[in-house]
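A quick write-up on the structure given underneath.
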Amino acid sequence: MATDYFKIEELLTEENILVQQSVREFVNQEIKPVIDEAAHNHTDLPGLMPKLGAIGALGPYIPEEYGGAGLDQISYGLIMQELEAGDSAVRSAASVQSSLVMYPIYSFGSEEQKRKYLPKLASGEMIGCFGLTEPNHGSNPSGMETKIVDKGSHYVLNGAKMWITNSPVADIAVVWARDEEGKIRGMVVERGMKGFSTPETHNKWSLRASKTGELVFENVEVPKENIFPHVNSLRGPLSCLNSARYGISWGVIGAAIDCYEVALKYSLERNQFGKPIASFQLQQKKLAEFVTEITKAQLLAWRLGTLKNQDKATPAQISMAKRNNVRMAIDIARESRQILGGMGIVGDYPMMRHAANLESVITYEGTHDIHLLITGNDITGINAFE
Ligand code: TGC
Ligand code: FAD
């Protein structure tokens with residue numbers, strides 16, 4: 001993958017470039033040859049997490065003393081971009097583990113929690129998931145019903161989460177629940193705790209190479225040492241989303257570039273009416289629009305990354321980038337499929353898989369509508385959610 005029309009590589013550090021190249025090689029060797037079959041069979045990729053750990057894709061910006069790679073935010077973005085060129089499911093696995101599991105443990109956890117979980121999560125020996133969404137509360141997590149009650153020596157957790165990436169295969173879940181005072185608390189729930197189950201959600205037509213499921217808590221006794229000491233409001237889970245949404249704003253560029261590059265190559269090789277279809281103005285218009293939109297998305301993501309490196313990126317800026325870039329990618333996946341005519345619908349080419357995956361990406365981490373309303377709220381000062 002080399003599309004870089006505005007020479008963004010010149011804005012990157014040597015470390016950024018090395019990280020990007022190594023993840024690109026990994027995706028070309030380990031993901032692209034097997035991903036179509038995995039998606040077809042609706043199964044995750046065997047041994048994916050330790051492989052992601054080995055290339056430093058899990059918790060890349062977590063400090064090295066906790067097992068992370070200590071990289072900057074641009075490197076994190078580039079890792080997400082290269083992984084999603086393989087498949088959104090692979091990027092999802094890395095972004096959940098990094099931004100939704102390692103980030104909250106690192107940011108809100110006790111020293112003991114950090115030492116216990118982060119190194120194993122970074123290596124991929126342990127898989128984590130993140131439970132915020134509930135059956136009755138998706139876009140409005142503030143209504144959450146999952147509850148913890150203080151029993152003195154421990155807490156008792158009751159409730160359910162749904163649409164949870166990797167829940168069926170996770171060793172631990174970062175769970176958000178309301179306490180008796182109405183405050184939102186975060187905690188680590190471990191597989192094997194009595195009353196905790198993770199039923200799988202079957203028959204998805206999107207993100208088929210990723211496991212999705214529920215988290216069900218029936219009087220689960222959660223030790224007090226598993227509760228995050230440094231968070232007690234919705235700001236906690238929403239901060240995790242900032243990090244994951246930022247990663248998605250880069251990731252989807254990878255999916256878009258994969259579609260664009262395949263379409264460009266095909267259009268130069270496929271002849272109709274005695275000429276390559278790339279010579280027809282209508283096809284050139286599509287290709288020229290793709291590279292323009294990809295370039296705009298790359299610049300947005302890069303600038304957001306530099307702001308994030310300085311700790312200056314606002315949640316509303318992140319929402320704008322996530323929303324714009326996912327829309328860009330889904331449009332390119334759909335349009336580029338048409339350039340391949342009938343061949344565009346078979347699994348030998350990636351467009352249908354990317355387009356179907358991006359239906360989840362445009363929905364999770366805040367829907368397309370919610371991100372628009374976040375921008376609206378930011379520029380007018382008027383909250384239109386309710
Ligand atoms: P609101 O009253 O605005 O805020 C409540 C408190 O949170 C603070 N806050 C934020 N803090 C950090 N980052 C953000 N992005 C924040 N947004 C708000 C806010 O300052 C306030 O703090 P405090 O201290 O005053 O209490 O909250 P609201 O209830 O009106 O909701 C706002 C809204 C709708 C934007 C929010 O609920 C939202 O973003 N909803 C979308 C839900 C969502 O994105 N769910 C994602 C679930 S996880 C997932 O999808 C993983 S996919 C995994 C994969 O990649 O596979
Ligand atoms: P709803 O909130 O019911 O929204 C339905 C529709 O109503 C949407 O179009 C929405 O934009 C619109 N809408 C809602 N409120 C408003 C409003 N105020 N104004 C205008 N329109 C509105 N969650 C996790 O916690 N952890 C995970 O790991 C996770 N992984 C996921 C993986 C997949 C494959 C999917 C599909 C979802 C995942 N999610 C996860 C859940 C995801 O975050 C939610 O699906 C998402 O936040 C939307 O919630 P909902 O599905 O309940 O839709």
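Bear in mind that the values in this text are calculations on the coordinates, not laboratory data. As the structure is a prediction and not an experimental result, all values here were calculated from the model. Here Cβ is always computed from backbone atoms with ideal geometry, including for glycine, and neighbour counts include all displayed protein chains.
Data table
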read-out	value
Proxy reagent accessibility, fewest Cβ within 10 Å first, across W176, W302, W205, W250	W205, W302, W176, W250
Alpha carbon centroid spacing (whole Å) that separates the range 118-144 from the range 179-206	8 Å
Anisotropy class of the range 102-174 from Cα gyration tensor, a/c 1.5 cut	oblate
Point-to-point label distance, Q310-T201, nm (Cα→Cβ direction, 7 Å offset)	3.8 nm
Choice from S92, S206, S110 showing the highest fluctuation, given a GNM over the chain with Cα pairs closer than 10 Å	S110
Residue order, fewest to most beta carbons within 10 Å, for I248, I382	I382, I248
Fewest-first sequence of I332, I339 by Cβ atoms within 10 Å of each Cβ	I339, I332
Per DSSP, loop trypsin sites (Lys or Arg not before Pro) in the range 163-210 with at most 10 further Cβ within 10 Å	K194
Relative contact order (%) - criterion: Cα under 8 Å, at least six apart; region: the range 224-359	32 percent
Gyration tensor over alpha-carbon atoms, the range 180-260, equivalent ellipsoid semi-axes in Å	31, 21, 10
Shape of the range 1-123, Cα gyration tensor, a/c cut at 1.5	oblate
Spatially proximal lysines relative to K211 (Cα-Cα < 18 Å; intrachain offsets below 8 disregarded)	K51, K161
Over the chain: helical MRE at 222 nm, DSSP H runs n ≥ 4 each giving -39500 (n - 2.57), nearest 500	-15500 deg cm²/dmol
Shape of the range 125-212, Cα gyration tensor, a/c cut at 1.5	oblate
Entries of K114/K224; K7/K308; K120/K224; K194/K224 with Cα pairs more than 24 Å apart	none
